[in-house]
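Visitor: This is the structure, below, for whatever I ask next.
The values are calculated or read from the model by the stated rules, or taken from the named source; none is laboratory data. Keep in mind it's a predicted model, so treat the numbers as computed, not measured. Cβ atoms come from the backbone with ideal geometry, glycine included; neighbour counts cover every protein chain shown. Ligands, DNA and RNA are stripped out before the accessible areas are found, and what is left, the full protein with its side chains, is counted by its heavy atoms. Shrake-Rupley method; radii C 1.70, N 1.55, O 1.52, S 1.80 Å.
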Amino acid sequence: RAKAQAVADFSRGLLGTGETITLTEYVQRWLDRQRDIRASTKRGYRMDLDYALAHLGKMKVKDIRPHHIKDTLTKLSQRTMESGKGLGKPMSSRTLGMVRARLKAVFREAVIDQIIYVNPCEAVKRIKGNTSSESVGTVLDFVQMTQFHELGLALYEAKVSRLFPALFTAASLGLRRGETMALRWQDVDLEKNTLYVRQNLVTVGGKPELGEPKTRYSKREIPIPTTLKSLLLIHKARQETERIKAAEAWHDTGAVFATETGEYTHPDNFGRALRNLIEWSDASIFRIKRFLGVPIEARGKLETIIKDSKKLPDLRPHDLRHTAATLMLRRGVAVEVVSRILGHSKVSVTLDIYRHVLESEKQAVMVDLFDTPLPVRQAQAVTLN
(Lines give C-alpha, C1' and ligand atoms only; values in the text may rest on other atoms or scores of the structure.)
Protein backbone atom coordinates (compact mmCIF):
# COMPACT_ATOMS: atom_id res chain seq x y z
CA ARG A 1 0.00 0.00 0.00
CA ALA A 2 2.84 2.37 0.83
CA LYS A 3 4.50 1.60 -2.48
CA ALA A 4 1.26 2.17 -4.41
CA GLN A 5 0.76 5.50 -2.60
CA ALA A 6 4.34 6.57 -3.42
CA VAL A 7 3.86 5.67 -7.10
CA ALA A 8 0.60 7.61 -7.20
CA ASP A 9 2.22 10.65 -5.57
CA PHE A 10 5.12 10.46 -8.04
CA SER A 11 2.79 10.29 -11.03
CA ARG A 12 1.09 13.49 -9.81
CA GLY A 13 4.44 15.22 -9.45
CA LEU A 14 4.19 15.29 -5.66
CA LEU A 15 7.30 13.21 -5.09
CA GLY A 16 10.83 13.75 -6.28
CA THR A 17 13.32 11.03 -7.02
CA GLY A 18 16.43 10.43 -5.00
CA GLU A 19 18.28 12.65 -7.44
CA THR A 20 15.98 15.64 -7.34
CA ILE A 21 13.99 15.57 -4.07
CA THR A 22 14.51 18.67 -1.93
CA LEU A 23 14.73 18.72 1.84
CA THR A 24 11.29 20.38 2.08
CA GLU A 25 9.74 17.56 0.03
CA TYR A 26 11.50 14.85 1.97
CA VAL A 27 10.59 16.35 5.35
CA GLN A 28 6.92 16.19 4.34
CA ARG A 29 7.36 12.55 3.37
CA TRP A 30 9.05 11.86 6.71
CA LEU A 31 6.26 13.58 8.65
CA ASP A 32 3.60 11.62 6.76
CA ARG A 33 5.28 8.41 7.89
CA GLN A 34 5.02 9.33 11.57
CA ARG A 35 1.76 7.47 12.22
CA ASP A 36 2.32 6.40 15.83
CA ILE A 37 2.61 9.85 17.40
CA ARG A 38 0.02 12.38 18.51
CA ALA A 39 -1.01 15.27 16.29
CA SER A 40 0.42 17.77 18.77
CA THR A 41 3.78 15.96 18.72
CA LYS A 42 3.83 16.04 14.93
CA ARG A 43 3.11 19.77 15.00
CA GLY A 44 6.10 20.19 17.28
CA TYR A 45 8.31 18.27 14.83
CA ARG A 46 7.04 20.48 12.02
CA MET A 47 7.82 23.65 13.96
CA ASP A 48 11.38 22.52 14.78
CA LEU A 49 12.07 21.53 11.18
CA ASP A 50 10.63 24.74 9.74
CA TYR A 51 13.46 26.70 11.35
CA ALA A 52 15.98 24.67 9.31
CA LEU A 53 13.87 24.56 6.14
CA ALA A 54 13.95 28.34 5.94
CA HIS A 55 17.66 27.97 5.12
CA LEU A 56 17.99 24.46 3.64
CA GLY A 57 14.52 23.67 2.28
CA LYS A 58 15.28 24.29 -1.41
CA MET A 59 18.49 22.24 -1.40
CA LYS A 60 18.48 18.68 -2.71
CA VAL A 61 18.81 16.12 0.06
CA LYS A 62 21.81 14.49 -1.61
CA ASP A 63 23.68 17.81 -1.80
CA ILE A 64 23.46 18.76 1.88
CA ARG A 65 26.76 18.45 3.72
CA PRO A 66 27.71 18.88 7.41
CA HIS A 67 28.94 22.44 6.85
CA HIS A 68 25.50 23.44 5.52
CA ILE A 69 23.87 22.25 8.74
CA LYS A 70 26.54 23.88 10.93
CA ASP A 71 26.06 27.20 9.12
CA THR A 72 22.28 26.92 9.51
CA LEU A 73 22.48 26.23 13.25
CA THR A 74 24.89 29.15 13.66
CA LYS A 75 22.44 31.47 11.90
CA LEU A 76 19.55 30.16 14.00
CA SER A 77 21.53 30.75 17.22
CA GLN A 78 21.57 34.45 16.29
CA ARG A 79 17.91 34.58 15.33
CA THR A 80 15.55 36.64 17.48
CA MET A 81 12.54 34.62 18.58
CA GLU A 82 9.17 36.08 17.62
CA SER A 83 6.94 34.19 20.03
CA GLY A 84 6.89 32.05 23.16
CA LYS A 85 8.82 32.56 26.40
CA GLY A 86 11.95 33.52 24.48
CA LEU A 87 10.21 36.42 22.74
CA GLY A 88 12.75 39.02 21.65
CA LYS A 89 15.72 36.84 22.67
CA PRO A 90 18.11 34.69 20.61
CA MET A 91 17.11 31.06 20.06
CA SER A 92 17.76 28.88 23.12
CA SER A 93 20.20 25.98 23.25
CA ARG A 94 17.29 23.62 23.83
CA THR A 95 15.50 24.70 20.65
CA LEU A 96 18.73 24.45 18.65
CA GLY A 97 19.19 20.95 20.00
CA MET A 98 15.67 19.98 18.95
CA VAL A 99 16.24 21.33 15.41
CA ARG A 100 19.43 19.27 15.13
CA ALA A 101 17.71 16.16 16.52
CA ARG A 102 14.82 16.41 14.03
CA LEU A 103 17.19 16.90 11.10
CA LYS A 104 19.23 13.92 12.24
CA ALA A 105 16.10 11.74 12.26
CA VAL A 106 15.07 12.94 8.79
CA PHE A 107 18.51 12.24 7.29
CA ARG A 108 18.62 8.86 9.04
CA GLU A 109 15.46 7.95 7.14
CA ALA A 110 17.02 9.22 3.91
CA VAL A 111 19.93 6.82 4.46
CA ILE A 112 17.46 3.95 4.89
CA ASP A 113 15.73 5.03 1.67
CA GLN A 114 19.17 4.99 -0.03
CA ILE A 115 18.81 8.59 -1.14
CA ILE A 116 22.07 9.33 0.69
CA TYR A 117 24.64 7.00 2.20
CA VAL A 118 25.94 9.10 5.12
CA ASN A 119 23.92 11.11 7.62
CA PRO A 120 25.42 14.65 7.49
CA CYS A 121 24.19 15.38 11.04
CA GLU A 122 26.50 12.76 12.51
CA ALA A 123 29.41 15.19 12.10
CA VAL A 124 27.52 18.16 13.60
CA LYS A 125 27.89 18.94 17.30
CA ARG A 126 25.36 20.84 19.33
CA ILE A 127 25.67 24.62 19.17
CA LYS A 128 25.05 26.65 22.30
CA GLY A 129 22.37 29.27 22.03
CA ASN A 130 20.87 31.72 24.48
CA THR A 131 20.97 30.18 27.95
CA SER A 132 19.07 33.01 29.63
CA SER A 133 15.84 31.95 27.93
CA GLU A 134 16.18 28.29 28.91
CA SER A 135 13.10 27.06 30.73
CA VAL A 136 14.33 24.80 33.52
CA GLY A 137 11.14 24.93 35.52
CA THR A 138 10.31 25.85 39.11
CA VAL A 139 9.59 23.44 41.94
CA LEU A 140 8.02 23.71 45.38
CA ASP A 141 9.99 22.74 48.47
CA PHE A 142 8.42 20.83 51.37
CA VAL A 143 7.21 23.97 53.16
CA GLN A 144 5.67 25.40 50.00
CA MET A 145 4.08 22.04 49.18
CA THR A 146 2.42 22.03 52.60
CA GLN A 147 1.12 25.55 51.94
CA PHE A 148 -0.04 24.47 48.46
CA HIS A 149 -2.04 21.62 50.04
CA GLU A 150 -3.54 23.60 52.90
CA LEU A 151 -4.55 26.58 50.76
CA GLY A 152 -5.84 24.45 47.90
CA LEU A 153 -7.91 22.28 50.22
CA ALA A 154 -9.40 25.35 51.90
CA LEU A 155 -10.30 26.83 48.50
CA TYR A 156 -11.79 23.50 47.41
CA GLU A 157 -13.91 23.25 50.55
CA ALA A 158 -15.05 26.83 49.91
CA LYS A 159 -15.93 25.80 46.31
CA VAL A 160 -13.54 28.39 44.88
CA SER A 161 -11.03 25.92 43.39
CA ARG A 162 -13.00 23.16 41.75
CA LEU A 163 -9.94 21.51 40.16
CA PHE A 164 -7.68 21.47 43.21
CA PRO A 165 -7.97 17.66 43.49
CA ALA A 166 -6.57 17.45 39.93
CA LEU A 167 -3.69 19.80 40.84
CA PHE A 168 -2.89 17.83 43.97
CA THR A 169 -3.03 14.52 42.10
CA ALA A 170 -0.49 15.80 39.57
CA ALA A 171 1.75 17.21 42.31
CA SER A 172 1.56 14.03 44.40
CA LEU A 173 2.18 11.49 41.63
CA GLY A 174 4.05 13.46 38.98
CA LEU A 175 1.35 13.01 36.35
CA ARG A 176 1.32 15.07 33.17
CA ARG A 177 -1.57 17.49 32.70
CA GLY A 178 -3.24 15.35 30.04
CA GLU A 179 -2.82 12.15 32.07
CA THR A 180 -4.43 13.80 35.09
CA MET A 181 -7.41 15.21 33.20
CA ALA A 182 -8.00 11.90 31.37
CA LEU A 183 -8.39 9.86 34.57
CA ARG A 184 -11.58 7.84 34.98
CA TRP A 185 -12.86 6.34 38.20
CA GLN A 186 -12.22 2.90 36.73
CA ASP A 187 -8.53 3.90 36.63
CA VAL A 188 -8.51 4.72 40.35
CA ASP A 189 -8.71 1.73 42.71
CA LEU A 190 -9.18 3.29 46.14
CA GLU A 191 -9.42 -0.12 47.81
CA LYS A 192 -6.04 -1.29 46.52
CA ASN A 193 -4.62 2.26 46.67
CA THR A 194 -3.52 2.08 43.05
CA LEU A 195 -3.94 4.48 40.14
CA TYR A 196 -3.59 3.38 36.49
CA VAL A 197 -2.45 5.72 33.71
CA ARG A 198 -4.10 4.40 30.55
CA GLN A 199 -4.97 7.42 28.40
CA ASN A 200 -4.22 11.08 27.78
CA LEU A 201 -6.46 14.11 27.22
CA VAL A 202 -5.17 16.49 24.55
CA THR A 203 -6.53 19.52 22.72
CA VAL A 204 -7.33 19.04 19.04
CA GLY A 205 -8.81 21.99 17.18
CA GLY A 206 -9.53 23.70 20.48
CA LYS A 207 -11.55 20.75 21.81
CA PRO A 208 -10.49 18.07 24.33
CA GLU A 209 -9.89 14.64 22.82
CA LEU A 210 -8.84 11.35 24.41
CA GLY A 211 -5.77 9.62 23.06
CA GLU A 212 -2.96 7.26 23.94
CA PRO A 213 -0.36 8.22 26.60
CA LYS A 214 2.73 10.04 25.38
CA THR A 215 4.99 6.94 25.15
CA ARG A 216 4.71 3.22 25.79
CA TYR A 217 6.42 3.80 29.15
CA SER A 218 3.66 6.24 30.11
CA LYS A 219 1.17 3.41 30.67
CA ARG A 220 1.79 2.56 34.30
CA GLU A 221 0.32 1.88 37.72
CA ILE A 222 1.15 4.09 40.69
CA PRO A 223 0.50 3.65 44.45
CA ILE A 224 -1.84 6.30 45.89
CA PRO A 225 -0.51 8.10 49.01
CA THR A 226 -2.83 8.37 52.02
CA THR A 227 -3.26 12.16 51.81
CA LEU A 228 -4.25 11.96 48.15
CA LYS A 229 -6.64 9.08 48.82
CA SER A 230 -8.45 11.12 51.48
CA LEU A 231 -8.92 14.01 49.04
CA LEU A 232 -10.13 11.74 46.24
CA LEU A 233 -12.74 10.18 48.54
CA ILE A 234 -14.05 13.66 49.39
CA HIS A 235 -14.02 14.61 45.70
CA LYS A 236 -15.87 11.44 44.71
CA ALA A 237 -18.62 12.14 47.24
CA ARG A 238 -18.98 15.71 45.98
CA GLN A 239 -19.17 14.52 42.39
CA GLU A 240 -21.93 12.08 43.32
CA THR A 241 -23.93 15.02 44.70
CA GLU A 242 -23.41 16.88 41.40
CA ARG A 243 -24.55 13.81 39.45
CA ILE A 244 -27.79 13.62 41.39
CA LYS A 245 -28.35 17.36 40.94
CA ALA A 246 -27.69 17.24 37.18
CA ALA A 247 -30.12 14.31 36.73
CA GLU A 248 -30.71 13.65 33.01
CA ALA A 249 -28.18 16.32 32.01
CA TRP A 250 -25.37 14.20 33.44
CA HIS A 251 -22.92 12.62 30.95
CA ASP A 252 -21.66 9.34 32.32
CA THR A 253 -18.06 9.57 31.07
CA GLY A 254 -16.58 8.30 34.31
CA ALA A 255 -14.13 11.24 34.33
CA VAL A 256 -12.60 11.85 37.77
CA PHE A 257 -12.19 15.59 37.27
CA ALA A 258 -15.38 16.13 35.30
CA THR A 259 -17.47 19.23 34.69
CA GLU A 260 -20.69 19.81 36.63
CA THR A 261 -22.48 17.72 34.00
CA GLY A 262 -19.96 14.85 33.96
CA GLU A 263 -18.05 15.69 30.79
CA TYR A 264 -14.26 15.78 30.52
CA THR A 265 -12.91 19.16 31.62
CA HIS A 266 -10.89 21.07 29.02
CA PRO A 267 -7.15 20.59 29.78
CA ASP A 268 -6.53 24.36 29.65
CA ASN A 269 -8.65 24.76 32.79
CA PHE A 270 -5.94 22.89 34.69
CA GLY A 271 -3.52 25.76 34.11
CA ARG A 272 -6.17 28.35 34.97
CA ALA A 273 -6.89 26.58 38.26
CA LEU A 274 -3.17 26.56 39.11
CA ARG A 275 -2.81 30.29 38.39
CA ASN A 276 -5.90 31.02 40.50
CA LEU A 277 -4.51 29.10 43.47
CA ILE A 278 -1.19 30.97 43.25
CA GLU A 279 -3.05 34.28 43.12
CA TRP A 280 -4.87 33.41 46.34
CA SER A 281 -1.52 32.78 48.04
CA ASP A 282 -0.52 36.42 47.48
CA ALA A 283 -1.60 38.41 50.54
CA SER A 284 -1.62 41.70 48.61
CA ILE A 285 -3.98 40.33 45.96
CA PHE A 286 -6.02 38.66 48.68
CA ARG A 287 -6.76 42.05 50.23
CA ILE A 288 -8.17 43.14 46.87
CA LYS A 289 -10.13 39.97 46.08
CA ARG A 290 -11.06 39.57 49.76
CA PHE A 291 -13.36 36.60 49.95
CA LEU A 292 -14.70 37.04 46.42
CA GLY A 293 -17.22 34.23 46.03
CA VAL A 294 -16.20 32.61 49.35
CA PRO A 295 -18.96 31.46 51.75
CA ILE A 296 -18.94 33.23 55.13
CA GLU A 297 -18.18 30.02 57.06
CA ALA A 298 -14.99 29.41 55.06
CA ARG A 299 -13.51 32.90 55.30
CA GLY A 300 -11.83 32.61 58.67
CA LYS A 301 -9.79 29.54 57.72
CA LEU A 302 -8.73 31.07 54.42
CA GLU A 303 -7.60 34.31 56.02
CA THR A 304 -5.54 32.44 58.61
CA ILE A 305 -3.73 30.45 55.90
CA ILE A 306 -3.05 33.39 53.60
CA LYS A 307 -2.16 36.32 55.85
CA ASP A 308 0.95 34.73 57.40
CA SER A 309 2.27 32.96 54.31
CA LYS A 310 4.53 33.96 51.45
CA LYS A 311 3.25 33.96 47.88
CA LEU A 312 3.84 30.67 46.10
CA PRO A 313 6.19 30.88 43.11
CA ASP A 314 4.67 31.13 39.64
CA LEU A 315 4.28 27.61 38.30
CA ARG A 316 3.45 25.99 34.99
CA PRO A 317 1.32 22.83 35.04
CA HIS A 318 4.38 20.72 34.17
CA ASP A 319 6.25 22.16 37.18
CA LEU A 320 4.01 20.05 39.43
CA ARG A 321 5.53 16.98 37.76
CA HIS A 322 9.03 18.33 38.43
CA THR A 323 8.02 19.03 42.04
CA ALA A 324 6.84 15.46 42.60
CA ALA A 325 10.06 14.02 41.19
CA THR A 326 12.29 16.34 43.22
CA LEU A 327 10.51 15.79 46.54
CA MET A 328 10.33 12.01 46.10
CA LEU A 329 14.06 11.85 45.40
CA ARG A 330 14.73 14.21 48.32
CA ARG A 331 12.77 11.84 50.58
CA GLY A 332 15.12 9.05 49.59
CA VAL A 333 12.93 7.15 47.12
CA ALA A 334 15.18 5.19 44.76
CA VAL A 335 15.65 6.95 41.43
CA GLU A 336 14.65 3.76 39.57
CA VAL A 337 11.30 3.81 41.38
CA VAL A 338 10.73 7.53 40.76
CA SER A 339 11.58 7.05 37.08
CA ARG A 340 9.01 4.26 36.82
CA ILE A 341 6.36 6.35 38.61
CA LEU A 342 6.93 9.23 36.18
CA GLY A 343 6.84 6.91 33.17
CA HIS A 344 10.33 7.74 31.92
CA SER A 345 12.17 5.46 29.52
CA LYS A 346 15.53 6.12 31.19
CA VAL A 347 16.69 6.93 34.71
CA SER A 348 18.99 9.58 33.23
CA VAL A 349 15.95 11.62 32.12
CA THR A 350 14.67 11.67 35.71
CA LEU A 351 18.01 12.79 37.15
CA ASP A 352 19.11 15.19 34.43
CA ILE A 353 15.82 17.02 33.83
CA TYR A 354 13.46 16.45 36.76
CA ARG A 355 15.78 16.50 39.78
CA HIS A 356 16.10 20.09 41.06
CA VAL A 357 18.37 21.16 43.91
CA LEU A 358 16.26 22.84 46.59
CA GLU A 359 17.52 25.96 48.33
CA SER A 360 17.12 24.20 51.69
CA GLU A 361 19.46 21.45 50.49
CA LYS A 362 22.21 23.93 49.70
CA GLN A 363 21.78 25.58 53.09
CA ALA A 364 21.91 22.21 54.86
CA VAL A 365 25.17 20.99 53.34
CA MET A 366 27.08 24.25 52.88
CA VAL A 367 30.18 24.50 55.09
CA ASP A 368 32.46 27.39 55.97
CA LEU A 369 35.86 26.32 54.71
CA PHE A 370 37.55 28.80 57.06
CA ASP A 371 35.48 28.19 60.19
CA THR A 372 38.19 25.94 61.70
CA PRO A 373 41.84 26.71 60.88
CA LEU A 374 43.32 24.02 58.72
CA PRO A 375 46.50 22.35 60.01
CA VAL A 376 49.65 23.75 58.42
CA ARG A 377 51.92 21.12 56.99
CA GLN A 378 55.54 21.43 58.17
CA ALA A 379 58.18 21.47 55.46
CA GLN A 380 60.41 18.40 55.63
CA ALA A 381 64.00 18.15 54.51
CA VAL A 382 64.44 15.92 51.51
CA THR A 383 67.78 14.32 50.70
CA LEU A 384 68.61 14.63 47.03
CA ASN A 385 70.63 11.93 45.35
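Visitor: Count the net charge of all other residues whose Cβ sits under 14 Å from the Cβ of R38, scoring Lys and Arg as +1 and Asp and Glu as -1.
Guide: +4
Visitor: Provide the solvent-accessible area of K207, counting protein heavy atoms only and rolling a 1.4 Å probe, rounded to the nearest 10 Å².
Guide: Near enough 140 Å² of accessible area.
Visitor: To continue, here is another question. Subtracting the Cα-Cα distance from 0.36 nm times the residue separation, let me have the gained length for V111 to A54 in nm, one decimal.
Guide: 18.3 nm
Visitor: Let me ask another. With a 1.4 Å probe and every protein chain left in place, work out the accessible area per residue of region 219-318 in Å², rounded to a whole number.
Guide: Accessible surface, normalised per residue, equals 59 Å².
Visitor: Extending each Cα 7 Å along its Cβ direction at T194 and T138, get the distance between those two points in nm, one decimal.
Guide: For T194 paired with T138, the spin-label model returns 3.8 nm.
Visitor: Next question, about the same structure. To the nearest 10 square angstrom, what accessible area does I69 show with a 1.4 Å probe?
Guide: Around 0 Å² of this residue is reachable by solvent.
Visitor: Hey, got the Cα dimensions of region 227-287 along the principal axes, in Å, largest first?
Guide: Its Cα atoms span 43, 25, 20 Å along the three principal axes.
Visitor: Please compute the length gained on full extension between A6 and K301, using 0.36 nm multiplied by the number of residues separating them and subtracting their Cα-Cα distance.
Guide: 99.5 nm
Visitor: What does the charge count around K346 come to, taking other residues whose C-beta lies under 14 Å from its C-beta (Lys +1, Arg +1, Asp -1, Glu -1)?
Guide: +1
Visitor: If you count only protein heavy atoms and use a 1.4 Å probe, how large is the accessible surface of K89, to the nearest 10 Å²?
Guide: Looks like 80 Å² after rounding.
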